[in-house]
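Written below as structure tokens is the structure these notes are about.
The values are calculated or read from the model by the stated rules, or taken from the named source; none is laboratory data. Everything numeric here is computed off the predicted structure, so don't read it as measured data. All Cβ positions, glycine included, derive from the backbone under ideal geometry; neighbour counts span all protein chains shown. Surface areas here come from the heavy atoms of the whole protein model, side chains and all, with no ligands, DNA or RNA. Shrake-Rupley method; radii C 1.70, N 1.55, O 1.52, S 1.80 Å.
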Amino acid sequence: MKQKTTVNIRETGIRTIRLESSAIGSLEQYINADFERVVELMAACTGRVVITGIGKSAIIAQKIVATFNSTGTPALFMHAADAIHGDLGMITPDDVVVVISKSGESPEIKVLVPLVRNLGNVLVAIVGKADSYLAQSAHFVLNTYVSQEACPNNLAPTSSTTAQMVMGDALAVCLIEMKGFTAEDFARFHPGGTLGKKLYLKVGDLSRQHQVPKVSLGSSLREVIVEISSKMLGVTGVVDENNQLRGIITDGDLRRMLEKNMNAAGVTAADIMSTHPKTIDADELAVNALDMMRTYDITQLLVMKGDQYHGIIHLHDLIREGII
């Protein structure tokens, strides 16, 4: 390794991004009839999409497999080197096999390709050389040719692996649209983490963790204070005899009442409450509650189930669950 030289770091970073951006832009010309046919085959596939490669292409293959699986297209990663030592057995007759390679000439690929063809599976090549062994042997070719790697020696896979990954993303997005894959479907495959919670966690899931603070229209000031304090949410709903929501009282409403020097004797909940509280249905997504709180600059919403008062969802609930 030669002695380190002075590098303009910012300039090198910008050059890398521009080279890879150019490589991605050039892929547009390769979205052709083969691409359309491959998407149709994958959408109709009753088996799995088995994706394989060697070296850096194998890593890209794993990423594409992960994207497919998370968006409704069953996929499986098979390392090209392991395939010729037993893993070929994971391929079933109904699978579509995708081989990723920059050169299309790697020794492992040359051994693997005829074996896959002998199995009778559809073979798709994601390859950077249209005249390579892999391209010539595949049923369909998705060209990921790049004129230059971002590597200054034009050797390390950089632009080429980016192009491979983008081609995989293009396939995945087309499949999402063809299958009508929705946010609800996505949530079923991503139940963990913040992303999953935003897609499946309902308002009622959080509000039921609290006691329901409520008082009647005729409740005394003392009863209102006790209810707000005991339920520790800084708020209470005000309901009539049919549990129909009539208003809301916050600890701020109590302070404002006292600042007006009102005579506390005889004061009821109906005298203090605000009559147009912000509400949200228990079946709404919790992330929608956050949007409402931000819109109205408030920290809690009254939760309804149909026309019945159901409880409170507080900003702290959303923070605790990582929604915010």
Considering D185, D169, which residue is of a type in the set (D, E), at pLDDT 90 or above and either open to solvent by less than 50 Å² (accessible area, probe 1.4 Å) or under 15 Å from the mean Cα position of the chain (by Cα) (or both)? D169
Suppose the filter is within 29 Å of the chain's Cα centre (by Cα), without any contact (Cβ under 8 Å) to a residue 60 or more places away in the chain and open to solvent by less than 70 Å² (accessible area, probe 1.4 Å); does M304 pass it? yes
Pairs needed: first member in segment 204-223, more than 13 Å from D317 (Cβ to Cβ); second member anywhere, part of a loop (DSSP other than H, G, I, E, B) and of a type in the set (D, E, K, R); C-beta distance under 8 Å; at least 6 residues apart or different chains. S216/D240; S216/E241; L217/D240
Among the listed residues I272, I225, I280, I249, identify the single one that is farther than 27 Å from G322 by Cα, under 39 Å from the mean Cα position of the chain (by Cα) and β-branched (V, I, T). I249
From the list L254, L301, L233, L258, exactly one residue is modelled with pLDDT under 90, under 21 Å from L201 (Cα atoms) and not polar (S, T, N, Q). Which is it? L233
Single condition Y296 does not satisfy, out of (1) touching a Ser or Thr at 6+ places or on another chain (Cβ under 9 Å); (2) farther than 26 Å from G218 by Cα; (3) of a type in the set (F, W, Y): (1)
Which numbered condition V98 misses (of (1) out of contact with any Pro (no Cβ under 8 Å at 6 or more places or on another chain); (2) open to solvent by 40 Å² or more (accessible area, probe 1.4 Å); (3) not basic (K, R)): (2)
Residue in segment 225-255 that is surrounded by the fewest Cβ atoms within 10 Å (Cβ to Cβ), counting only those that are among the β-branched types (V, I, T) and more than 17 Å from G311 (Cβ to Cβ): V226
Which of the residues spanning segment 132-149 are surrounded by fewer than 24 Cβ atoms within 10 Å (Cβ to Cβ) and either part of a helix (DSSP H, G or I) or small (G, A, S) (or both)? S132, Y133, A135, Q136, S137, S147
With respect to the numbered conditions (1) crowded, with 16+ Cβ neighbours inside 10 Å; (2) out of contact with any Pro (no Cβ under 8 Å at 6 or more places or on another chain); (3) in a helix (DSSP H, G or I), which one is the sole condition not fulfilled by F68? (2)
Name the one entry in K179, K129 that is at pLDDT 95 or above and open to solvent by 40 Å² or more (accessible area, probe 1.4 Å). K129
Residue in segment 256-272 that is surrounded by the fewest Cβ atoms within 10 Å (Cβ to Cβ), counting only those that are in a loop (DSSP other than H, G, I, E, B) and small (G, A, S): A265
Among (1) open to solvent by less than 60 Å² (accessible area, probe 1.4 Å); (2) outside any loop (DSSP other than H, G, I, E, B); (3) of a type outside the set (V, I, T); (4) modelled with pLDDT of 95 or more - the single one L88 does not satisfy: (4)
Would you mind stating whether T46 is part of a loop (DSSP other than H, G, I, E, B) and either β-branched (V, I, T) or within 28 Å of the chain's Cα centre (by Cα) (or both)? yes
Report the residue count in segment 113-126 for those that are touching a strand residue (DSSP E or B) at 6+ places or on another chain (Cβ under 7 Å) and either assigned to a helix (DSSP H, G or I) or open to solvent by 60 Å² or more (accessible area, probe 1.4 Å) (or both). 3
